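The values are calculated or read from the model by the stated rules, or taken from the named source; none is laboratory data. Treat the numbers as computed from the prediction; the structure is a model and nothing was measured. With ideal geometry, Cβ positions are generated from the backbone for all residues, glycine too; neighbour counts draw on all protein chains shown.
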Amino acid sequence: MEQYIAFLRAINVGGHKVIKMEDLRGMFESYGFANVSTYINSGNVIFESGEKILSEGRIEDRLEKSLGYKVEIFLRTMREIKNIAAHTPFQARDGETVHVVFLREAPDKQAQQALASLKSEADDFAAIGKEIYNLRRDKDKSIFSNNFIEKAIKSPATTRNLTTILKIVEKYGSRGGRVDEKLLATP
């Protein structure tokens with residue numbers, strides 16, 4: 001069984017697309033997934049599946065039937081999440097935060113150029129694989145938001161704080177094997 005994390009886009013934000021985590025767990029269990037857990041109220045579903053090829057679209061279709069509206073998901077294995085946590089290009093210092101933007105595919109050259117044009121004293125960006133990393137140095141001057149990134153790169157995305165990613169690795173990453181302690185030491 002492979003361990004996955006489904007990051008749901010734009011649920012429980014501003015009172016729109018509200019889903020109780022208990023209900024979300026129940027939905028994923030009804031789809032045949034095992035050891036289903038959720039982490040915080042922003043749509044992070046950790047689960048296991050024996051399926052050889054797991055499709056984001058198929059899970060989205062099931063969610064749409066259950067909820068009555070479309071919810072985009074961004075699916076990663078726990079191994080991928082551990083790699084993301086271990087290889088972030090930015091280390092936050094006092095007052096700074098690092099965010100991870102999940103995409104369906106690696107940004108193309110045009111999207112990477114759009115990202116490069118957004119760099120400033122308040123924000124820095126880096127694309128690695130199917131993720132974009134944001135170092136927010138100054139919250140008050142930052143232009144960073146998930147919607148802003150989606151418009152800039154012309155692609156759907158969902159964003160999580162690196163702290164959330166690290167906590168998921170810490171809490172659930174040992175299910176499929178030993179957690180690398182160096183990951184958990186990352187600020």
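Among the candidates 37, 42, which residue alone is polar (S, T, N, Q), part of a loop (DSSP other than H, G, I, E, B) and surrounded by 12 or more Cβ atoms within 10 Å (Cβ to Cβ)? Unique residue meeting the criteria: 42.
Take the conditions (1) under 13 Å from the mean Cα position of the chain (by Cα); (2) free of Cβ contacts under 8 Å to residues at least 12 places away in the same chain; residue 113 misses just one of them, which is (1).
Does residue 37 fit the bill of being in contact (Cβ under 8 Å) with a residue 60 or more places away in the chain, small (Gly, Ala, Ser) and either in the same structural domain as residue 157 (by TED's automatic domain parsing) or touching a strand residue (DSSP E or B) at 6+ places or on another chain (Cβ under 6 Å) (or both)? Break it down into steps so the answer makes sense when it comes.
On the way: in contact (Cβ under 8 Å) with a residue 60 or more places away in the chain: yes; small (Gly, Ala, Ser): yes; either in the same structural domain as residue 157 (by TED's automatic domain parsing) or touching a strand residue (DSSP E or B) at 6+ places or on another chain (Cβ under 6 Å) (or both): yes.
Yes; evaluated as a whole, the condition is true for this residue.
Restricting attention to the range 45-67, and to residues there that are assigned to a helix (DSSP H, G or I), among the basic types (Lys, Arg) and free of Cβ contacts under 8 Å to residues at least 12 places away in the same chain, which single residue is nearest to residue 150 (Cα to Cα)? Looking at the filtered set, the residue picked out is 58. Residue count for the range 144-187, restricted to those that are of a type outside the set (D, E, K, R), surrounded by fewer than 16 Cβ atoms within 10 Å (Cβ to Cβ), assigned to a loop (DSSP other than H, G, I, E, B) and at pLDDT 90 or above: 2. Say we look at the range 50-69 and pick out the residues that are of a type in the set (A, V, I, L, M) and within 20 Å of residue 103 (Cα to Cα); which of these is modelled with the lowest pLDDT? If we take residues in the range 50-69 being of a type in the set (A, V, I, L, M) and within 20 Å of residue 103 (Cα to Cα), then 53 is modelled with the lowest pLDDT.
Of the residues making up the range 152-173, those that are within 17 Å of residue 79 (Cα to Cα) and either in contact with a Ser or Thr (Cβ under 7 Å, 6 or more places away or on another chain) or among the small types (Gly, Ala, Ser) (or both) are 162, 166, 172, 173.
Yes/no per residue for (1) assigned to a strand (DSSP E or B); (2) of a type in the set (A, V, I, L, M, F, W, C):
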| site | (1), (2) |
| --- | --- |
| 32 | no, no |
| 69 | no, no |
| 84 | no, yes |
| 107 | no, no |
| 111 | no, yes |
| 120 | no, no |
| 134 | yes, no |
